[in-house]
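Reviewing the structure listed below.
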Amino acid sequence: MAEITLALENVDKIYQRRGKAPVRAVKALNMAIEAGEIVALLGSSGCGKTSTLRMIAGFEEVSAGKITLAGRRIEQLAPAKRNVAMAFEGYSLYPPLTVRNNIAFALKSSAMPSAQIHSAVQDVAALLEIEPILDRYPSSISGGQQQRASLARALVRSADLYLLDEPMGQLEPQLRAVLRGRLKNLLLERRMTSIFVTHDQTEANALADRIAVMEDGVLQQFAGPRELKDRPANLFVATFVGEPPMNVFDADAINADRVRFMVADGPALDFAASDIPTGVRSAIGSRSRVVVGVRPHSVRLGAGAQDARVISNQWLGDQTHIALEVAGKLLVAVSHAPVAAKSGERLRYSIAPDALHVFDASSGAALSHGLEAA
Amino acid sequence: MAQMAIERVSKRFKTNTVLDDVSLSAETGEIVVVFGPSGSGKTVLLRLIAGVEDLDAGSISLQGKDVTNAAPEARGLGMAFQNFALFPHMSAFDNIASALTAGASSKSQILSKVEAVARLLKIGHVLQHAPRELSNGQKQRTALARALVSDPRILLLDDPLRNVDAKLRYEMRMELPSLLKTSGSTVLYVTQDYKEAMALGDRIAVLLDGKFAQVATPAQVYREPASLDVARLFGDPTVNVIPTTPTLENGLPVFDIGGASIALPSSYAHVAGRACVVGVRPESIAVSEAFASGAFPVEVVAVTPLNEKSVLLLRAGDGRELLASEAGEGELTRRRGPACASFDRDAMLVFDAASGLRIAPQSH
Amino acid sequence: MEHSSPLEKVLRGLAIALIMIFFLFPIFWIFLMSFQTNEDILRIPPSLFFSPTLSNYQALITGKLETVSGTLDIAFMRNLWNSVLLSTVSVGLALILGVPAAYAFARYKFPLSEDIAFTLLSFRFAPPLLVLLPLSLYYQQIGLTDTYVGLIWVYQLIALPLILWIVRGYFEDISPDIESAYRISGHSWWRTFTRIAVPLAGPGIAAAGLLAFIFCWNNFVFALILASADKQPVTVGSLAFVTAAGIQYGQIAAAIVLSITPTLAIALWAQRYLVEGLSLGAVKG
């Protein structure tokens, strides 16, 4: 069993507000992070991810529960005593210090010899491509550069845990792919246990070993990118993770000698009972209403039992996004080859059983993913 | 007759020349995307066409008439702003209707037109709300509705999807083309997102350093970029850039990567001996464990999934970093470590090292 | 990290109470005095209990004051009317001139605009006494002494800078895109100004107007020098209570109460309007 570095047990965060009802930002959070793991806290604004990060860092009090880091209970400790390095969303560079001195700041108070500090700073600056600005002041560099400097300051330290709050949001798009690769490599090579917060699921997928999807203070699912994509625990995770988002439709279900999903105002997906494994069929049970979902990349275009009108055909250089009009909404399909279909024409498409996700209509919980029950 | 034409327009702010002698035209019903990085002057261009900013040189004509000195209200345009610019003290209905109240429409005509465009944009149920009660997505649609309701011949859209969250942005990107085509207006659409540009534009005008580096169809801009700067702006991850001076080997132009010799198509024979930059898009690099002819050794440093693709950070023998992307579930089988990479020969781009301009292949 | 202990709360309450008593007590006492006769007022030790009388207010309103040396004419009601007239018209004029000027300063960056704006503000820095002597000489020459027109003109020195600076800030806070959007929708510059800019700057205009009203109302020196008897506002008019028969404290108190009531009432009424405000939710945020 891998060594657990950080454990959160039943952690709650309640914000008291004068004159209004208290807000439960984090509800009974349980999470265990292994040594050297890269974890993303992913969710829309207000979901509790930043509150969680700040509780781990020590900038917010824990309303209930325990936090353990490297074997020590830390939820009562001051931030400086936790041996945690943090890169803040607002950069928080010290204005009177040069970028170099900002990055070296924490190292200088440790016992490291100055030659070693110098080379450590140089290395991390080269990684994040901020060597040219090392001797400038925070007020004279761009937002993207400030963000990288703030990141460098956290990464250069030697800590038990690295906390990064929206580390790459301001970066120029051209730099993102390369820096992501380098950052990931650094974290993996040095086995730096790290948690970063983001609302961008593309970033979470790119960097993290596991992603904790949060909504409304509740942890929805904590799994690797593959698992989240192929086996989302509920409708929220299914539609939040993935770009383009999963296509979902309400449907009436018939689970008898044929398995049919009749999409409201839309096509009927009809399968022979033998095509659907018994595990899936029993998971769906006797429900008459379900929500069916299919990922854009799994929609087969050009042939099939269904056809629909093309609303848009968008070629993006390395892939094509097609929007079809289905059930009054858009069904989006992504193809890595160009598709010859003009807007307004009709195009055939099909959804195979192994691409279909089924969810419970009232709770949103996943019932089946493709050929496996959830 | 072009619906919209700007001729030799320049605009300066103090010492900074934002637009330098630019010209562009758009035909009836065409969607022209003005694309460029932030600060490149795209919004300024739109404001000049709208008349809310004065130009320093040049002329603007709309529907054949010179409007360079005309007031904004006389130009007959519709415009949607990046930060919505809704009137906070009016309901959504009145916001949209403001585009009609200056004209001669009767109250009942205004009512039916506003309701029709609200239905189209799915905001019919929030028309009586004040802007502060609307979500960002609803505000954006209200701003769009205001631009569309007067059925303007020319529509200016200033990065309308910028301040909207990712899911809604994607949805609107899919719906906008048919919406705009149905309206029949000539559209000038400004964006920084290359995917939006390629998805929406009949033509893309790439604005760099105050000039149009290229004005062409999406396919041309992607496959035949006019310069390295243009090539860099399209594609995620960005195109790989390899500065090199090719030599001739057995009549074929070749260049070196980490000790291996990579051949360019014979149509590039004329670049031998010239200082060049070779551009290879990530999707044109194939990575495999096994050696293939024409491949060269690399180390796979990191594998990052990117929306159904995998992006591989490669390090070649000479320390050069390259990004490769492949479709699908490669990340399951991909491991960090030694591998081989090869380039799709026909997809390579060659640029002149000094000017950055693309060198076209020559057929013999 | 934000817990205040019960002790902190008690101390805070105590501090606020002390400050409020310090500032409000004089006003409370004046209010009491206005219902007392002079004998009650001058009694030692002072007492909170007395039989109230309306004779002070009566004297002010009827304009006749009974004193030991005879009946004096009090022109207080006339003074009150002058205050109302001067303050209202001055502020009105200042708004008509100042609001468009504030808009110009906010929207158009013409050469020297900052310098001109600062010069106009500097009128508030200079003590009125600085300009009074030359001003009174000019006024005598052009025949504006002791005229409403003259006073209203001088009061612009008080009201205009305030309005310019406060309202300019509110205009600057309005995103220019909102006005551009209205113009592109087909409306002229004037309609944009009246239908969009002015309503959105409304709270600021109200605040500036109110402040200017209060300052004009409270002005003493200009009216003292440049006006006489029948044009004087209440500030100057209270001097009349220092009579040969002694200082008529009761009437002064009543006069003060009547003098501050209008400004106090307006401040209370406008406060609600100001606090209500318009949130600019129409711009992304």
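The values are calculated or read from the model by the stated rules, or taken from the named source; none is laboratory data. Since we're looking at a predicted model, the values are computed, not measured. Please note: Cβ atoms are built from the backbone with ideal geometry, for glycine as well, and neighbour counts cover all protein chains shown.
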Check off (1) in contact with a helix residue (DSSP H, G or I) (Cβ under 9 Å, 6 or more places away or on another chain); (2) modelled with pLDDT under 90; (3) closer than 30 Å to B:K167 by Cβ for A:L42 and give me the number that stays unchecked. (2)
Sort out for me the strands (runs of 3 or more DSSP E) sitting completely within region B:183-296 that have 3 or more residues that are over 13 Å from B:V350 (Cβ atoms). B:186-191, B:203-208, B:211-216, B:247-249, B:252-257, B:285-288
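Would you check if A:M214 is outside any strand (DSSP E or B), among the hydrophobic types (A, V, I, L, M, F, W, C) and in contact (Cβ under 8 Å) with a residue 40 or more places away in the chain? Working first, answer last.
On the way: outside any strand (DSSP E or B): no; among the hydrophobic types (A, V, I, L, M, F, W, C): yes; in contact (Cβ under 8 Å) with a residue 40 or more places away in the chain: yes.
Considered against the rule, which asks whether it is outside any strand (DSSP E or B), among the hydrophobic types (A, V, I, L, M, F, W, C) and in contact (Cβ under 8 Å) with a residue 40 or more places away in the chain, A:M214 comes out as no.
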Here are the criteria: (1) modelled with pLDDT of 90 or more; (2) within 14 Å of chain B (Cβ to nearest Cβ); (3) within 28 Å of A:E227 (Cβ to Cβ). Tell me which single one A:K329 does not satisfy. (1)
Hey, could you check region B:274-313 for residues that are among the basic types (K, R) and within 29 Å of the chain's Cα centre (by Cα) and say which is surrounded by the fewest Cβ atoms within 10 Å (Cβ to Cβ)? B:K309
I'd like the full set of residues that are within 21 Å of B:L180 (Cβ to Cβ) and either assigned to a loop (DSSP other than H, G, I, E, B) or of a type in the set (A, V, I, L, M) (or both), limited to region A:314-330. A:L316, A:I322, A:A323, A:L324, A:G328, A:L330
Would you pick out the residues in region A:35-69 that are within 25 Å of the chain's Cα centre (by Cα), of a type in the set (A, V, I, L, M, F, W, C) and away from chain C (no Cβ under 14 Å)? A:A35, A:I38, A:V39, A:A40, A:L41, A:L42, A:C47, A:L53, A:I56, A:I67, A:L69
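If you go through region A:140-148 one residue at a time, do you hit one that is facing another protein chain (nearest Cβ under 10 Å), within 28 Å of B:P282 (Cβ to Cβ) and not basic (K, R)? Full working, then the answer.
At the first step, the residues of region A:140-148 found to be facing another protein chain (nearest Cβ under 10 Å) are none.
Taking every residue of region A:140-148 in turn, none turns out to be facing another protein chain (nearest Cβ under 10 Å), within 28 Å of B:P282 (Cβ to Cβ) and not basic (K, R).
Kindly establish whether A:G285 is at positive phi and within 14 Å of another protein chain (Cβ to nearest Cβ). Reasoning before the result, please.
On the way: at positive phi: yes; within 14 Å of another protein chain (Cβ to nearest Cβ): no.
No.
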How about region B:3-54: which of its residues are assigned to a loop (DSSP other than H, G, I, E, B), free of Cβ contacts under 8 Å to residues at least 60 places away in the same chain and closer than 24 Å to B:A199 by Cα? B:G39
Look at A:M168 and say whether it is surrounded by 20 or more Cβ atoms within 10 Å (Cβ to Cβ) and away from chain B (no Cβ under 14 Å). no
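What about C:S185, is it among the polar types (S, T, N, Q), over 19 Å from the mean Cα position of the chain (by Cα) and crowded, with 22+ Cβ neighbours inside 10 Å? Walk me through how you get there before you give the answer.
Details: among the polar types (S, T, N, Q): yes; over 19 Å from the mean Cα position of the chain (by Cα): yes; crowded, with 22+ Cβ neighbours inside 10 Å: yes.
When the stated conditions are applied, C:S185 passes them.
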Within region B:83-156, considering only helices (runs of 4 or more DSSP H) that don't extend past its boundaries, which have at least 2 residues that are within 25 Å of the chain's Cα centre (by Cα), in contact (Cβ under 8 Å) with a residue 24 or more places away in the chain and more than 8 Å from every other protein chain (Cβ to nearest Cβ)? B:136-148
Exclusive hit being at pLDDT 90 or above, assigned to a strand (DSSP E or B), farther than 19 Å from B:L200 by Cβ and in the same structural domain as A:G302 (by TED's automatic domain parsing), set A:V358, A:V334: A:V358
Of all the residues that make up region A:217-247, how many are within 22 Å of A:A28 (Cα to Cα), part of a helix (DSSP H, G or I) and among the β-branched types (V, I, T)? 1
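Among the candidates C:S185, C:S238, which residue alone is among the small types (G, A, S) and touching a Ser or Thr at 6+ places or on another chain (Cβ under 6 Å)?
Details: C:S238 fails: touching a Ser or Thr at 6+ places or on another chain (Cβ under 6 Å).
Exactly one residue qualifies, and that residue is C:S185.
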Hey, any hits in region B:314-323 for a residue that's touching a helix residue (DSSP H, G or I) at 6+ places or on another chain (Cβ under 7 Å), under 24 Å from A:R210 (Cα atoms), at pLDDT 90 or above and surrounded by 14 or more Cβ atoms within 10 Å (Cβ to Cβ)? yes
Which one is farthest from B:A74 (Cα to Cα) among residues in region C:176-202 that are basic (K, R) and at the interface with chain B (Cβ under 8 Å from one of its Cβ atoms)? C:R191
List, please: which pairs have Cβ atoms under 7 Å, are six or more places apart or on different chains, and start with a residue in region B:63-82 that is in the same structural domain as B:V52 (by TED's automatic domain parsing) and end with one that is surrounded by fewer than 16 Cβ atoms within 10 Å (Cβ to Cβ) and assigned to a loop (DSSP other than H, G, I, E, B)? B:G64/B:M1; B:E73/C:S188
Go through region C:27-61 and report how many residues are surrounded by 15 or more Cβ atoms within 10 Å (Cβ to Cβ) and of a type in the set (V, I, T). 4
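Hey, can you tell me all the residues within region B:60-75 that are surrounded by fewer than 19 Cβ atoms within 10 Å (Cβ to Cβ) and either within 12 Å of chain C (Cβ to nearest Cβ) or over 15 Å from B:L155 (Cβ atoms) (or both)?
Initially, region B:60-75 is screened for residues surrounded by fewer than 19 Cβ atoms within 10 Å (Cβ to Cβ), giving B:61, B:63-66, B:68-71, B:74.
The answer is B:S61, B:G64, B:K65, B:D66, B:T68, B:N69, B:A70, B:A71, B:A74.
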Residue check for A:P296: surrounded by 15 or more Cβ atoms within 10 Å (Cβ to Cβ) and away from chain B (no Cβ under 14 Å): no
Which one of C:A106, C:A117, C:A94 is in contact with an Asp or Glu (Cβ under 8 Å, 6 or more places away or on another chain) and either assigned by TED's automatic domain parsing to the domain that holds C:F213 or surrounded by 15 or more Cβ atoms within 10 Å (Cβ to Cβ) (or both)? C:A106
Mind telling me which of the residues B:L313, B:L357 ends up being closer than 25 Å to A:G242 by Cα and either touching a Gly at 6+ places or on another chain (Cβ under 7 Å) or in contact (Cβ under 8 Å) with a residue 12 or more places away in the chain (or both)? B:L313
Log entry, pairs with first residue in region B:224-236 being under 23 Å from B:K309 (Cα atoms) and more than 7 Å from every other protein chain (Cβ to nearest Cβ), second being among the basic types (K, R) and part of a loop (DSSP other than H, G, I, E, B), beta carbons closer than 9 Å, six or more apart or on different chains, reads B:A231/B:R281
Look at region A:171-206 and say how many of its residues are among the aliphatic types (A, V, I, L, M), assigned to a helix (DSSP H, G or I) and either more than 19 Å from B:V301 (Cα to Cα) or facing another protein chain (nearest Cβ under 7 Å) (or both). 3
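Which residue, of C:R183, C:R191, C:R195, is at pLDDT 85 or above and either in contact with a Pro (Cβ under 6 Å, 6 or more places away or on another chain) or outside the structural domain of C:L130 (by TED's automatic domain parsing) (or both)? Spell out how you get there, then give the answer.
Values: C:R191 fails: either in contact with a Pro (Cβ under 6 Å, 6 or more places away or on another chain) or outside the structural domain of C:L130 (by TED's automatic domain parsing) (or both); C:R195 fails: either in contact with a Pro (Cβ under 6 Å, 6 or more places away or on another chain) or outside the structural domain of C:L130 (by TED's automatic domain parsing) (or both).
So the residue among C:R183, C:R191, C:R195 that is at pLDDT 85 or above and either in contact with a Pro (Cβ under 6 Å, 6 or more places away or on another chain) or outside the structural domain of C:L130 (by TED's automatic domain parsing) (or both) is C:R183.
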Quick check: is even one residue across region A:248-264 crowded, with 19+ Cβ neighbours inside 10 Å, within 14 Å of chain B (Cβ to nearest Cβ), in contact (Cβ under 8 Å) with a residue 12 or more places away in the chain and in a strand (DSSP E or B)? no
